[in-house]
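Novice: My structure is below; once you've seen it, I'll send some questions.
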Amino acid sequence: MGVPLSPLQIAAALPDYWSPKVIAELDEHYVKVAKVKGELTWHAHADEDELFYILSGCLHIQMQDQTVILNSGEMFVVPAGVEHNPIAAQPCLIMLVERKTTRHTGAVTTDRTRSIAQQLSL
């Protein structure tokens, strides 16, 4: 049996932007938190949906046909295969729910890309 977690407190304590950390496992999914600021990169997850939940702040998710603006307490699911680019003008704390097979920046690799092994280390 586990202990209660505060995704907000864990995310706030993260030292680096765009470096998600796994805080829980749910069947074939990871629950992750991250501190973000600026923009990540355009990328897609060919076979996996990606759920963004905003713990604090504001996140813009650019997609080819629209930009979704999320504020604290709001969530959005980017469907599998949809190219997207998360952007935060100010520091923003997010929680993600993704399949364990989801690569951080899909097939794109940048200096911000984190491996699953890096995401599992707290």
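Novice: Rounded to the nearest 0.05, what FRET efficiency is calculated for Asp49 and Ser121 with R0 set to 35 Å and r the Cβ-Cβ distance?
Specialist: After rounding to 0.05, the efficiency reads 0.90.
Novice: Taking N as the number of residues in the stretch 35-84, what is its alpha-carbon radius of gyration divided by 2.2 N^0.38 Å?
Specialist: 1.10
Novice: Also, quick follow-up: Among the aspartates and glutamates, which have Cα under 18 Å from the Cα of Lys37 when same-chain residues fewer than 8 positions away are ignored?
Specialist: Hits, sequence-local ones excluded: Asp16, Glu74, Asp111.
Novice: Give me His104, His43, His60 sorted ascending by neighbouring Cβ count inside 10 Å, so fewest comes first.
Specialist: His60, His43, His104
Novice: Sticking with this one: Run through the stretch 1-43 and list the chymotrypsin sites (Phe, Trp or Tyr not before Pro) located in a DSSP loop whose Cβ has at most 16 other Cβ atoms within 10 Å.
Specialist: The qualifying sites are Trp42.
Novice: Then there's this: Which one, Thr105, Ala34, Met75, is farthest towards the positive end of the dipole of the chain when Lys and Arg carry +1 and Asp and Glu -1 on their Cβ?
Specialist: Selected residue: Ala34.
Novice: At 4 °C and 1.567 mPa s, grab the translational diffusion coefficient of the stretch 1-41 from Stokes-Einstein with a Kirkwood Rh over Cα pairs, rounded to a whole number in µm² per second.
Specialist: Answer from the Stokes-Einstein relation: 115 µm²/s.
Novice: Summing -39500 (n - 2.57) over the DSSP H runs of n ≥ 4 in the chain and dividing by its residue number, what mean residue ellipticity at 222 nm do you reach, to the nearest 500 deg cm²/dmol?
Specialist: The helix-only estimate for the chain comes to -2000 deg cm²/dmol at 222 nm.
Novice: Using r as the Cβ-Cβ distance of Glu39 and Ser6, and R0 as 22 Å, what FRET efficiency do you calculate, to the nearest 0.05?
Specialist: 0.25
Novice: Something else about it: I need the shape label for the stretch 45-122. Rule: rounded when a/c is under 1.5, else prolate if a/b > b/c, else oblate, with a, b, c from the alpha carbon gyration tensor.
Specialist: Oblate, since a/c reaches 1.5 and b/c is not below a/b.
Novice: Still on this structure, please answer the following. Determine the relative contact order of the chain: mean sequence separation of Cα pairs under 8 Å and six or more apart, normalised by residue count, in whole percent.
Specialist: Relative contact order, the chain: 32 percent.
Novice: Looking at the stretch 25-122, which trypsin sites (Lys or Arg not before Pro) are DSSP coil and have at most 10 other C-beta atoms within 10 Å of their C-beta?
Specialist: none
Novice: Taking the Cα centre of the chain as origin, sum charge times position over the Cβ atoms of Lys and Arg (+1) and Asp and Glu (-1), and report the length of that vector in debye to the nearest 20.
Specialist: About 460 debye.
Readers should treat all values here as calculations from the given coordinates under stated rules, not as data from a laboratory. In this text the structure is predicted, and so the values were computed from the model without any measurement. Quick reminder, even Gly has a Cβ in these numbers, built from the backbone with ideal geometry, and neighbours come from all protein chains shown.
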